[in-house]
Every structure is written in structure tokens, then in C-alpha cells.
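Participant: Sharing a structure with you now.
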Amino acid sequence: MQTISRNVRSSWNPRCVFRTLSSQSSPESNPKMTSFGFKDVPEDQKEHLVKGVFDSVASKYDLMNDASSLGVHRLWKDEFVASLRPGKKGPIKCIDVAGGTGDIARRILDYARENFSDRETTIEVVDINGQMLQEGLRRFKKTMYYNTPQVSFHEANAQELPVPQFKDNSYDLYTIAFGIRNCTSIPSVLREAYRVLKPGGTFACLEFSRVNNSLLSTLYDQYSFSIIPLLGTILAGDRDSYQYLVESIRKFPPQPEFAQMIRDVGFETGVDADGGAWTNLWGGVACIHTGVKI
């Protein structure tokens, strides 16, 4: 029977996601700050705050993404996986990080099987949030991959993957979709991705990004800040988590800046242009970034 291996355990109470935690640090300590949406919080608190958000929305994950993308996230995920062509060169070993619900993992396994008759590609689904992983395991019970060696679920931190389990130079493909913006330290996530990939392995990230067209950008902002939090209230009874979603998207680095962050840890990318280091989807509402370990 498939289980979730837990390298990180959480005692976080999701009802306390948006409480003020500043009292835990004295003014003299000057903690290093990071963004939690439009708020600045001490770095050592963001992880718990984000885990609380996803504890709250785990069972409504599709609803959350439908609200933020008008349902198009499903097509984007299809395009993301198709662009990587898993299975084309034979079975590969994959790791999908921040992939708790298994959306990308299932697509990778399906693509390899349907297009290249590959039933040997494997994928390890990693997420810091146990409830998201439980949702993914529940979904995989409905597939042919359940209880097979092709997929496994692991609770671990993307910024510090446990070395005994996630060894150096182990994976052919590292994917992370709509998750890296929620991490406290994006450079730490990228360094870990570089560490665990084999030389020649591919890093691939699907994330909400910056819209370049001014008209589309204005319409998207109006939808994001007016409609998405309202949908969170009406459909999920959770305005705060959806407000965080919108704000976290706006705080994520624009395409050229994120591409440089990928190169800074050692990956090789294409030129800084759409179709090079990144591929814009819907004018940049979402974006695929790739890099190769050299």
C-alpha cells in the first residue's frame, strides 16, 4: 500500500494562518524579513504561514487554481508537460516538487505511456504540506499507477531536501508548478534542484508571471484583486488564502530576473526572451522556465 514518507512534520494550526507572530522576535533580534503576499514577515515564519494557507485549501486546490486562471491552468499544465516530452528518450527518473496533489506527476506518467509506451518512468512527488500529499494520494488511488513503483509521495522541504533520500545527481527531470513563489528562499530551492539533478538533467518551472501587454495586464489586475478574493469567500469561505494567492503572484520576480536566478545557481538557459529562457503562456499570465544542469 502506498504511503507518504515524512521528512518534515507539521504541527501548524491552519486557523492561525494570519495571526501576528512578530511578538516572537524581539526588536533587538532584527530578523531577516521576506514577503508573505504584500506583508513582510520574518523568514522563519513564512514557511508556517504558507503551510497554513495550503492546509486550508488542500481539498479545494482545483477551485483555487480555477479561480486564479479562469480554469486555464489545466491546459497550461498539459502544455508544460508536453514541452518536456517525458519518455521520448526512454524511461527517466523524475522529481516533482511542491506537487502534492499529483497533477503534474499524473500528466508526466500519462504522457510517457500514451506517446512512447513508457511504463518505466518514475516520479517522486514532494511537498512540504501533508494535507496536499494526502489529497494527491487520494487522487492517485483512481489511476493505474496506484501501488506501483512508478510514483511515490514524500513530505519534505524544497529548500533542504534530505540528502540520504534525495541524493546528488539522481534525477533526469525536476519539475515545480505553481509552487516556487510560495517558498521562503527561491535561491535555496534552485540550488537544491541543481544538486539533485544529473548532469544534463532538466529543471522546469511553471509559474504565474508578469503580463507584458498593458491592456491585458490591467484587465488581469482587476480580475485578480476584485474577483478572486470574492470567489474565495463565496466558494470556499476563505478570502484570506485567495488574497494571499493574488499578492504572492505579484511579488514573484519578472521573467528576466527569475531566469537570471536560475543561471546564478549553475543552470544553462536560453537567451532572455520569450521562446528562449522562458515561454510565456497567455501573454505572461503564466510562464514556463527551463534550465539544464551543466
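The values are calculated or read from the model by the stated rules, or taken from the named source; none is laboratory data. Everything numeric here is computed off the predicted structure, so don't read it as measured data. Note that we place each Cβ from the backbone using ideal geometry, even for glycine, and neighbour counts take in every protein chain shown.
Participant: Are any residues in the stretch 267-294 more than 19 Å from the chain's Cα centre (by Cα), under 16 Å from residue 174 (Cβ atoms), touching a residue at least 24 places away in the same chain (Cβ under 8 Å) and surrounded by 15 or more Cβ atoms within 10 Å (Cβ to Cβ), and if so, which ones?
Facilitator: If the condition is that a residue be more than 19 Å from the chain's Cα centre (by Cα), under 16 Å from residue 174 (Cβ atoms), touching a residue at least 24 places away in the same chain (Cβ under 8 Å) and surrounded by 15 or more Cβ atoms within 10 Å (Cβ to Cβ), then 293 is the only one that fits.
Participant: Within the stretch 138-153, can you find the residues that are crowded, with 21+ Cβ neighbours inside 10 Å, touching a Ser or Thr at 6+ places or on another chain (Cβ under 9 Å) and touching a residue at least 60 places away in the same chain (Cβ under 8 Å)?
Facilitator: 151, 153
Participant: Condition first: buried (at least 21 other Cβ atoms within 10 Å of the Cβ) and among the aliphatic types (A, V, I, L, M). Now tell me which residues in the stretch 242-266 satisfy that.
Facilitator: Residues satisfying the conditions are 245, 246, 249, 259, 262.
Participant: OK, next. Any idea which residue in the stretch 163-194 is modelled with the lowest pLDDT, counting only those that are touching a strand residue (DSSP E or B) at 6+ places or on another chain (Cβ under 9 Å) and part of a helix (DSSP H, G or I)?
Facilitator: Across the stretch 163-194, the extreme among qualifying residues is 181.
Participant: Mind telling me which of the residues 199, 253 ends up being on the phi < 0 side of the Ramachandran plot and either without any contact (Cβ under 8 Å) to a residue 40 or more places away in the chain or assigned to a loop (DSSP other than H, G, I, E, B) (or both)?
Facilitator: Going through 199, 253 in turn, the sole match is 253.
Participant: Looking only at the stretch 72-81, decide whether some residue is aromatic (Phe, Trp, Tyr), at pLDDT 70 or above and touching a Phe, Trp or Tyr at 6+ places or on another chain (Cβ under 9 Å).
Facilitator: Yes, that holds for at least one residue.
Residue-wise test of (1) farther than 19 Å from residue 166 by Cα; (2) surrounded by 21 or more Cβ atoms within 10 Å (Cβ to Cβ); (3) aliphatic (A, V, I, L, M).
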site	(1), (2), (3)
86	yes, yes, no
103	yes, yes, no
107	yes, yes, no
120	yes, no, no
128	no, yes, yes
136	yes, yes, no
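Participant: Continuing with the same structure: Given the criteria over 18 Å from residue 70 (Cα atoms) and assigned to a helix (DSSP H, G or I), does residue 240 qualify?
Facilitator: Yes.
Participant: Limited to the stretch 202-233, what total is found for residues that are touching a residue at least 12 places away in the same chain (Cβ under 8 Å), among the β-branched types (Val, Ile, Thr) and more than 23 Å from residue 62 (Cα to Cα)?
Facilitator: Residues meeting the conditions: 1.
Participant: While we're looking at this one, here's another question. Filter the stretch 103-146 down to residues that are of a type in the set (Gly, Ala, Ser) and modelled with pLDDT of 95 or more, then give me how many there are.
Facilitator: 3
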